[in-house]
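Report on the following structure.
The values are calculated or read from the model by the stated rules, or taken from the named source; none is laboratory data. All figures in this text were calculated on a predicted structure; none of them were measured in a lab. Cβ atoms come from the backbone with ideal geometry, glycine included; neighbour counts cover every protein chain shown.
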Amino acid sequence: MKKKLHFNKADLSLITALAFLNLFFLFQNPLNEAGSYAEIQVNQKQYTRVALSRDQIIKVSGPIGITEVKIENGHARIIKSPCQNKICIKSGYIQYADRILACIPNKVLVRIVGTSQETVDTIVG
């Protein structure tokens, strides 16, 4: 038996306020730092690091074939991959620091790095 939900004016006001607050933080988030570089890894080892300011296509050889990473207008995306489902291609462009794209079958990872990440975070001794 389904139970029907009833919202009063206070519930709707709270839901609306939370939705606007969520949108505010989404667009004002200081963690959305524009990236400076794209780090490309193959099989958990760094393959290359390229500037997002230079448009180019990087061909990366992985265990099952070639994955092509396109850098354009400060964004990175996987445009060609030998994997079966092509989820990595469907993921689209990334541009903010700490965002990643991955072709898991080919073990290729693309990670955006920002300027604040170029220094050492901590030293453990």
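Look at residue 66 and say whether it is surrounded by 13 or more Cβ atoms within 10 Å (Cβ to Cβ), modelled with pLDDT of 95 or more, among the aliphatic types (A, V, I, L, M) and closer than 25 Å to residue 115 by Cα. Don't jump to the end; show me each part of the working.
On the way: surrounded by 13 or more Cβ atoms within 10 Å (Cβ to Cβ): yes; modelled with pLDDT of 95 or more: yes; among the aliphatic types (A, V, I, L, M): yes; closer than 25 Å to residue 115 by Cα: no.
When the stated conditions are applied, residue 66 does not pass them.
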Only unsatisfied item for residue 73, checking (1) within 15 Å of the chain's Cα centre (by Cα); (2) loosely packed, with under 14 Cβ neighbours inside 10 Å; (3) on the phi > 0 side of the Ramachandran plot; (4) not small (Gly, Ala, Ser), is (1)
Scan segment 76-92 and tell me whether some residue there is closer than 21 Å to residue 33 by Cβ, β-branched (Val, Ile, Thr) and under 18 Å from the mean Cα position of the chain (by Cα). no
Could you list, ordered by first residue, the pairs with Cβ atoms under 8 Å in which the first is in segment 74-93 and over 19 Å from residue 112 (Cβ atoms) and the second is exposed (fewer than 13 other Cβ atoms within 10 Å of the Cβ), at least 6 apart or interchain? 83/104
Do we have any residue at all in segment 42-59 that's surrounded by 11 or more Cβ atoms within 10 Å (Cβ to Cβ), in contact with a helix residue (DSSP H, G or I) (Cβ under 9 Å, 6 or more places away or on another chain) and in contact (Cβ under 8 Å) with a residue 40 or more places away in the chain? no
